Amino acid sequence: MCGIIGISDHPEASKIAYLGLYALQHRGEEAAGIASYDTQVHIIKDRGLVFDVFNEAALDSLKGSVAIAHTRYSTTGSSNVKNCQPFLVTHRNRPIAVAHNGNLTNTEELYRKLEDEGSIFQTSMDSEILVHLLAKTPNHDYKKWFVDMLAQLKGAFSVVFMVEDTLVGARDRQGFRPLVLGKLGDGYMLASETCALDLTKAEFIREIEPGEIVIIKGSKIESLFLPGCDKSKKAQCIFENIYFARPDSHIFNDNVYLVRKRLGAQLAKESPVKDADFVMPIPDSGVYAALGYANELKVPFEVGMIRNHYIGRTFIQPSQFLRDFRVRVKLNPISDVIRGKKVIVVEDSIVRGTTSRSRVREIRKAGAKEIHMRITCPPIIFPCFYGIDFPSSEELIAYGKTVAEVAKFIEVDSLEYLSLDGMLSVMKDSGAFCHACFTGKYPVDVPSNKSKYQLEGKA
Ligand code: AMP
């Protein structure tokens, strides 16, 4: 997963992009970057949080009225410096920069074709393919150029390009990942989520439609569509609503906070717990659903654990050692609240199960009498090929296990998941979502090579 931003026609484009990146930090904590254009491209990118990568001097050097920006969480390629974005190339003296969110599913095929035609790859990211394709596609007319290039891609992409002073934004035909459009002074702002528009005081106009391409030059915007777009085949990632997106964002025609509250309420209807003392969330991701659950069940809501906000999301650090450390350091239970109580713990999802188990152990150590865990989505048993780092089925704790077996692993007194129908029933347009991680029904063919590192060693 990643966060992307595009700014056009603003005298301080890179500074606006920088602020926007802060709002999208949750979408990727591994690396950050901004590219801007005045008469030439300026680019700064590195591993680390937005705060670590930029300082005042760096921002001052990013001149120009157009900019694109990126926060990275790797779903293809390792987390190394070469794989930071925006990715920049110069073709026939024309600089082309790209920032991409999502995963292509025909990476291997495109890569092989491009290499056969002489492309030399510098990174192991599928995103690099986009600029090679762009360079090879005849480009006398911007509209045809981008349609022809993007039509070759399969899978998930919400993407922004900066070609000299032109900003281009696009979303794949299924609309897996969000992308929104805002008005910012005379120009425009594109961002993964509306929370980035709010922070920069851009006015939300609308979401970019699945399959739509917008070409923005100065204050002019043109919209066109990829051939073969079919509104009935939308497949927005439901996990954005469950966990990934920020609750203050409005994506997929809904507010994320309200969706999570509805998920919690639905869960309470399906899986209540009798005589519990209170409902508590695993902060922060479970908070909104726990509120919905507690309201519906008319049981008190307590914040039984306090989050250390100076630690980022735990799963994003790729190595297991760091992940374990971050799990331990991040949340502290309040034993005076928990001791001797029968608690309902609401969590958005269980992926590998390690975080949940360590949390449950801490709640137990804090003196809970009984722990009943409720999850606001069904068991995740299939990998994601469209941009969420759900690894192979074998690494997913619910795969091949009954709910009782998962409960035993997590060490809870009871465990229940929200049903698929229940989850979909609270979505505004329930047919417009991808739920392949629960059902294995992949809306776009999955890649032949399934490794996250499929381009490693090749580039
Ligand atoms: P665990 O119990 O280790 O599966 O961790 C569960 C928590 O991590 C939940 O809040 C999940 O929503 C969150 N999470 C979200 N995305 C991922 C991911 N790609 N890999 C692992 N955990 C994730």
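Since every read-out is calculated from the coordinates, none of them should be taken as a lab result. Note that this is a predicted model, so its numbers are computed, not measured. Neighbour counts run over all protein chains shown; Cβ positions are idealised from the backbone, glycine included.
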key: Coil-residue GluC sites (Glu not before Pro) of region 74-144, DSSP, other Cβ within 10 Å capped at 11   = E117
remark   = Placing each pseudo-label 7 Å from Cα in the direction of the beta carbon, R92 and E370 end up separated by a distance in nanometres of 7.2 nm
message = Just want the answer: with Cβ charges of +1 for Lys and Arg and -1 for Asp and Glu, which residue in V343, G20, A245 is farthest toward the dipole's positive end in the chain?
response = V343
request  = Rounded to whole Å and sorted largest first, list the principal axis extents of the Cα atoms in region 3-235.
outcome  = 43, 36, 33
request  = Quick one: go through region 127-164 and flag any residue whose amide nitrogen is under 15 Å from the point 7 Å out along the Cα-to-Cβ line of K220.
outcome  = 141-144
ask   = N139: net charge of surrounding residues, Cβ under 13 Å, Lys/Arg +1, Asp/Glu -1, itself excluded?
value = +2
key: Of every Cα-Cα pair in the chain, the percent that sits beyond 43 Å   = 14 percent
task = Could you size up the charge dipole of region 136-179 around its Cα centre, putting +1 on the beta carbon of Lys and Arg and -1 on that of Asp and Glu, and report it in debye to the nearest 20?
result = 280 debye
Computed [θ] at 222 nm, deg cm²/dmol, the chain (DSSP H ≥ 4; -39,500 (n - 2.57); rounded to nearest 500) = -7500 deg cm²/dmol
inquiry  = Rg/Rh for region 257-431 to two decimals, with Rh computed the Kirkwood way over all alpha-carbon pairs.
reply    = 0.94
note = Under 18 Å by backbone N from the virtual spin label 7 Å along Cα-to-Cβ at K269, the residues of region 397-425 are 417-425
query = Out of region 257-300, which trypsin sites (Lys or Arg not before Pro) are coil in DSSP terms and have no more than 11 other C-beta atoms within 10 Å?
reply = K274, K298
ask   = Considering only the other residues whose Cβ falls under 13 Å of the Cβ of S36, what net charge follows from Lys and Arg at +1 and Asp and Glu at -1?
value = -3
query = How do I388, I221, I205 rank when sorted from fewest to most other Cβ atoms within 10 Å of their own Cβ?
reply = I205, I221, I388
ask   = Cα axis of helix 13-23 to longest principal axis of the chain: angle in degrees, 0 to 90, nearest 10?
value = 20 degrees
note = The exposure ranking of C237, C434, fewest beta-carbon neighbours within 10 Å first, is C434, C237
ask   = Placing +1 at every Lys and Arg Cβ and -1 at every Asp and Glu Cβ, with all other atoms neutral, what dipole size does the chain have around its Cα centre, in debye to the nearest 20?
value = 840 debye
message = Placing unit charges on C-beta atoms (Lys and Arg positive, Asp and Glu negative, everything else neutral), compute the dipole magnitude of region 41-143 about its Cα centre in debye, rounded to 20.
response = 200 debye
ask   = Hey, which of these cross-link pairs are over 28 Å Cα-Cα: K113/K220; K369/K401; K274/K365; K45/K201; K15/K154?
value = K113/K220; K15/K154
ask   = Shape of region 1-101 from its Cα gyration tensor (a ≥ b ≥ c, root eigenvalues): rounded if a/c is under 1.5, otherwise prolate when a/b > b/c, or oblate?
value = oblate
task = Run the numbers on the chain and let me know its relative contact order in percent, using alpha-carbon pairs under 8 Å that are six or more apart.
result = 15 percent
ask   = Once amide H atoms are built 1.01 Å from N in the peptide plane, which residues 5 or more positions from F433, or in another chain, come under 5 Å H to H?
value = Q236
task = Could you compute the FRET efficiency for E203 and I306, with r as their C-beta to C-beta distance and R0 at 45 Å, rounded to 0.05?
result = 0.80
task = Would you mind computing, in nm to one decimal, how far apart the modelled labels at D116 and D248 are, each placed 7 Å from Cα along Cα→Cβ?
result = 5.0 nm
